[in-house]
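*Asks:* Below is a structure I'd like to ask you about.
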Amino acid sequence: MIDLLDASSDQLRLAVARSFLVYSTPTLIELLSDDNVIVRTSAARELQTRGGVDVFQAGLAAARHPRFEMREIAAFLLGQLGTPKCPYAEMTYPILVSLLDDPYYEVVAASGSAFGSLASLGHFANDEIFAMVRRLETADKSDVRGAVAYSLGFLDDDDGKGVLERLACDCAIEVRDVAEFSLELRADRTTPTG
């Protein structure tokens, strides 16, 4: 058994995620507002795979919540809700767009990443969506620039490639790493297999 007091963050996340498999959906929805980020994220991850109208409604409510942590978890939850089919993607779109203008960078980063997650599952991979994400490439916070780099990995236009090439030279190593990975994703999709 893992000693949770001495466990690394990864071990703790795994232990929490496994324990959440037996929780009811209403209980997991309640845990979205937990003060601990590991608990919130693990609850959201389990809810993403379960899906359902009640989970979507909880995501909507969280997206309008006064606490930024709730809006952040809403973007994460909605960005993969009902994985892999994401039946609420169309209804999620305007919510994520509004969260791109949130005053808290954590919410903006989560929303930007949500567009990438949805695009990776076959939703919203178009220029209009990514134009909104691209405008954040010069954001002050590296988390936001990293979200831009992640999302642009799922778009094959020249503008997105140019943004990724600039972000691959970013001052923050984590942004550079994500941008380089996204450039590789794009290259893999366009390289003929034989």
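The values are calculated or read from the model by the stated rules, or taken from the named source; none is laboratory data. Since the structure is predicted, the reported quantities are computational estimates derived from the model, not experimental observations. Methodologically, a virtual Cβ is constructed for each residue, glycine included, from the backbone with ideal geometry; neighbour enumeration extends over all protein chains shown. What goes into the accessible areas is simple: the full protein's heavy atoms, side chains included, and nothing from ligands, DNA or RNA. Shrake-Rupley method; radii C 1.70, N 1.55, O 1.52, S 1.80 Å.
*Asks:* Once phi is turned into θ = phi - 60°, what whole-Hz ³J(HN,Hα) does the Karplus curve with 6.51, -1.76 and 1.60 give for every residue of the stretch 172-187, x standing for Gly and Pro?
*Replies:* Calculated HN-Hα couplings, in order: 9, 4, 5, 5, 4, 4, 5, 4, 5, 4, 5, 4, 5, 4, 5, 5 Hz.
*Asks:* Go ahead and run the numbers for FRET between R67 and S24, Cβ-Cβ distance against an R0 of 22 Å, rounding to 0.05.
*Replies:* On the way: r = 23 Å, r/R0 = 1.06.
The computed FRET efficiency comes out at 0.40.
*Asks:* Return the label of the correct value of volume of the Cα convex hull per residue in Å³, as calculated from the structure shown, out of (i) 145; (ii) 124; (iii) 183.
*Replies:* It is the value labelled (i).
*Asks:* Moving on to the next point. Along the principal axes of its C-alpha atoms, what lengths does the stretch 7-96 span, in descending order and rounded to whole Å?
*Replies:* Computed over the stretch 7-96, the largest-to-smallest principal extents equal 39, 28, 21 Å.
*Asks:* Okay, moving on. Relative to the first principal axis of the alpha-carbon coordinates of the chain, what is the inclination of helix 53-63, with its axis defined by its Cα atoms, in degrees from 0 to 90 and to the nearest 10?
*Replies:* It works out to around 70 degrees.
*Asks:* Compute the long axis of helix 37-50 from its Cα atoms, compare it with the longest principal axis of the Cα atoms of the chain, and write down the angle in degrees, 0 to 90, nearest 10.
*Replies:* Between helix and principal axis, roughly 80 degrees.
*Asks:* First compute the accessible area of the stretch 37-194 with a 1.4 Å probe, then give the percent of it belonging to carbon and sulfur atoms.
*Replies:* Details: 4010 of 7320 Å².
Within the stretch 37-194, the accessible surface is 55 percent carbon and sulfur.
*Asks:* Per residue, how many Å² of accessible area does the chain show with a 1.4 Å probe?
*Replies:* Working: 10000 Å² over 194 residues.
Here the per-residue accessible area is 52 Å².
*Asks:* Would you please state which residues of the stretch 127-149 a label at F181 would reach in this model, taking the label point 7 Å out along Cα→Cβ and a backbone N cut-off of under 15 Å?
*Replies:* Inside the label zone: 143-149.
*Asks:* Here is a further query. Specify the residue with the greatest mean-square fluctuation among Y105, Y88, Y23, computed from a Gaussian network of the chain linking alpha-carbon atoms under 10 Å apart.
*Replies:* Looking only at Y105, Y88, Y23, the largest GNM fluctuation is found for Y23.
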